[in-house]
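Data block below; observations after.
Only the coordinates and a few stated rules stand behind these numbers; no lab work does. Note that the structure is a prediction, hence the values are computed from the model and not measured. Cβ coordinates were reconstructed from backbone atoms using ideal geometry, including for glycine residues, and neighbour counts include every protein chain displayed.
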Amino acid sequence: MPAPRVVGRSRPQDVDRYVGARMRERRVMLGLTQQQMADLIGVTYQQAHKYEKGINRVAAGRLYSIARALGVEVGYFYEGLQIGGGFAPTPGQRMLLDLARNFLNILDPRHREAVATLARALAESDDGDQRAA
């Protein structure tokens, strides 16, 4: 006998959480706060938070607005989605999010610029090391 259909709010699905995680990832990459994101797409801070957590599903029209605000195609939010599997960020993605989160918490603009300069110098140094090897 099939399970009875529950009427009312549906539970978040893996795909809703995945889309929310991709929204958050892109927002953090752009250096936007949740409040700034909410303002861009015309929702409250709480609603933007619920979208990112996958608590509330994002309607197609709203997803289009979010994609435009974040400068990506709608398909961006589904890239890498594995049917039947949850979102598991790679160690590099996790490190990038951690770096972005901590960078945004540096209040002194001179310190932020110093960190950015250090990152550029290290990246250029690694490029030179790679070529020499």
**Request:** Would you mind getting me the FRET efficiency between I106 and A59? Use the beta-carbon distance for r and R0 = 30 Å, nearest 0.05.
**Result:** 0.25
**Calculated FRET efficiency for the pair Q46/L81, C-beta based, R₀ 35 Å, to 0.05** = 0.85
**Fill in**
For N56, the residues 5 or more places away or on another chain with a placed amide H closer than 5 Å to its own amide H are Y51
